[in-house]
Amino acid sequence: MAGAIETYELPAPGEGQEVNGITAGPNGAVWFAWGSPSGSAGGIGSITAGGTISLFPLTSSDAGPVNDLAWGGGSIWTLEDLGGQSYVGQWTTGGTLQQQFPIPGVAAFRLVWGPDSALWFTAVATSSQIDPGGFIGWISASGVVTTYQLPASVAGQAPQSIVVGPDGALWFDVPAASSVGRITTPGTVSIYPIPQAMNEGTNQNMNALTVGSDDALWEIYWADDELVRISADGSMQEFPVPGCASTNMDDIASGPDGNLWLTMQSPNDSAVCTVSTDGIVTGVYPLTGTVAANTYPTVIAAGPNGDFWFGVVLGYIASLNPSLPSP
C-alpha cells in the first residue's frame, strides 16, 4: 500500500519525551507540545516539511509538561503545568514565551482556538473553593477566564477532547459519562449520552473527537472497536472498523482527502488507519523499521501539504505522505 512514513527523533532536551499535542501552524511548519510522562519540564517545538526540528523548552524551575497547543490570532497557545497549577501560555512563532495566564482551581486537559477569537479548554476542578466536577473553560487573548460547569447528568466527570463544530459551537466528549457535549459561545451547554444500545463496553471508552468532511462529529469508541458519528442534533450512528481494530485507536483527525485518520496503539503492532465517512476502512499504514519496536503513534493532525504528522512514543515525531509509495 502506498504511504511513506518518515520518523524523526526529538533532539535534547526533548529526547525521550512524549508529543502531547500537534497542529499545523504558520510558515508551512507543524507545531507540537511535548513533555515527560513523569511530569518534568516540557515545551513546544516545530518541524519543517523537510524534517528540521526546533525545540523551545519551558525554563522555570517548577515547569511541568506542556499538555496541548493551538494556533490562532497570530500566536501559538499552550496548556502548561507549573507547580501543579494549569496555565495558558502565549508564544511567538519564533518560540518566545510572551505571557502566562493562570487558570485557578482546575486541571486543564485540551485546548482549541474558538470561532470567537478566544481559547476554549476542557478541565476538572482541583480546588475545594469551586464547585467539583467537570468544566468547559473560556479564556480571552488578554487572560480573562470564565468557566462553565457541566450539568448534573455528567456531574463530577471530566471532559477531554474539544473541537470547533461545523455549527460554530464547541463540541467535547465526557468519556467517564459516555457522553458528548456541545457549548455555544455564549455558554449554553447540551449533553448527548451515547445510546445504551451502543454502549456495550465499560465507561471511558471514548478517546478523541474531530469534525469530518461530512460536517458531522466523529468520536473514537475504542473498546467496542468502532467510530461514532454525531449529527448536529446530537443523534448518533455507530460504525465498526474491524480493519483498524487489532489495536486501540488513540487519536483521530480529518484529512484533506475526505477520510478520517486514526492512530492505533499497540507495541509491535502499531499503525495509522484511514476510514471514509461511510465507515469503510480505506487504508492501514503500519510503523516499520527500528522505530516500530515497542512504540506506537499518539496525537495526529493534518499538515499543510496534504501530509499527516503524528507523535510516536517515546521521543519521536513522524510524517505520512499517502501519495508516496511505502519504502
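The values are calculated or read from the model by the stated rules, or taken from the named source; none is laboratory data. These numbers come from a predicted model, not from an experiment. No Cβ is skipped: glycine too gets one built from the backbone with ideal geometry, and neighbour counts run over all protein chains shown.
Give the residues of region 238-256 that are of a type outside the set (Asp, Glu), at pLDDT below 95 and assigned to a strand (DSSP E or B), sorted by residue number.
Pass one, region 238-256, residues of a type outside the set (Asp, Glu): 239-249, 252-256.
Those still in the list that are at pLDDT below 95 too: 239-249, 255-256.
Passing the criteria: Phe239, Pro240, Asn248, Met249.
Which residue, of Ala158, Ala70, Ala141, Ala125, is in contact with an Asp or Glu (Cβ under 8 Å, 6 or more places away or on another chain) and among the hydrophobic types (A, V, I, L, M, F, W, C)?
Of the residues listed, the single one that is in contact with an Asp or Glu (Cβ under 8 Å, 6 or more places away or on another chain) and among the hydrophobic types (A, V, I, L, M, F, W, C) is Ala125.
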Does region 102-112 hold any residues that are crowded, with 19+ Cβ neighbours inside 10 Å and either more than 20 Å from Gln160 (Cβ to Cβ) or among the aromatic types (Phe, Trp, Tyr) (or both), and which are they? Phe109
Search region 313-327 for residues being among the hydroxyl-bearing types (Ser, Thr, Tyr) and modelled with pLDDT of 75 or more, and hand back the single one that is surrounded by the most Cβ atoms within 10 Å (Cβ to Cβ). Tyr316
The conditions are (1) assigned to a strand (DSSP E or B); (2) at pLDDT below 90; (3) hydrophobic (A, V, I, L, M, F, W, C), and Ala2 fails exactly one of them. Which is it? (1)
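Tally the residues that are among the polar types (S, T, N, Q), touching a helix residue (DSSP H, G or I) at 6+ places or on another chain (Cβ under 9 Å) and part of a strand (DSSP E or B), restricting the search to region 44-95. Give the steps one after another, and end with the answer.
Just the residues of region 44-95 that are among the polar types (S, T, N, Q), to begin with: 46, 48, 52, 54, 59-61, 67, 75, 78, 85-86, 90, 92-93.
So of that shortlist, the ones also touching a helix residue (DSSP H, G or I) at 6+ places or on another chain (Cβ under 9 Å) come out as 46, 48, 93.
Filter again for part of a strand (DSSP E or B), leaving 46.
Counting residues in region 44-95 that are among the polar types (S, T, N, Q), touching a helix residue (DSSP H, G or I) at 6+ places or on another chain (Cβ under 9 Å) and part of a strand (DSSP E or B) gives 1.
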Residue hits (region 224-237; within 21 Å of the chain's Cα centre (by Cα) and either within 22 Å of Cys273 (Cα to Cα) or among the charged types (D, E, K, R) (or both)) are Asp224, Asp225, Glu226, Leu227, Val228, Arg229, Ile230
Residues of region 96-110 being under 18 Å from Pro13 (Cα atoms) and either of a type in the set (Ser, Thr, Tyr) or assigned to a loop (DSSP other than H, G, I, E, B) (or both), which ones? Thr96
For residues that are of a type in the set (A, V, I, L, M) and under 13 Å from Trp138 (Cα atoms), scanning just region 66-101, find the one that is surrounded by the fewest Cβ atoms within 10 Å (Cβ to Cβ). Val88
Residue identified as of a type in the set (A, V, I, L, M, F, W, C), out of contact with any Gly (no Cβ under 9 Å at 6 or more places or on another chain), assigned to a loop (DSSP other than H, G, I, E, B) and modelled with pLDDT under 95 among Ala12, Ala41: Ala12
Before we move on, is Pro115 assigned to a loop (DSSP other than H, G, I, E, B), buried (at least 22 other Cβ atoms within 10 Å of the Cβ) and modelled with pLDDT of 90 or more? no
Are there any strands (runs of 3 or more DSSP E) wholly within region 141-198 with 2 or more residues that are polar (S, T, N, Q), and if so which? 145-149
Candidates Ala158, Ala125 - the one that is modelled with pLDDT under 95, closer than 20 Å to Leu209 by Cβ and not hydroxyl-bearing (Ser, Thr, Tyr): Ala158
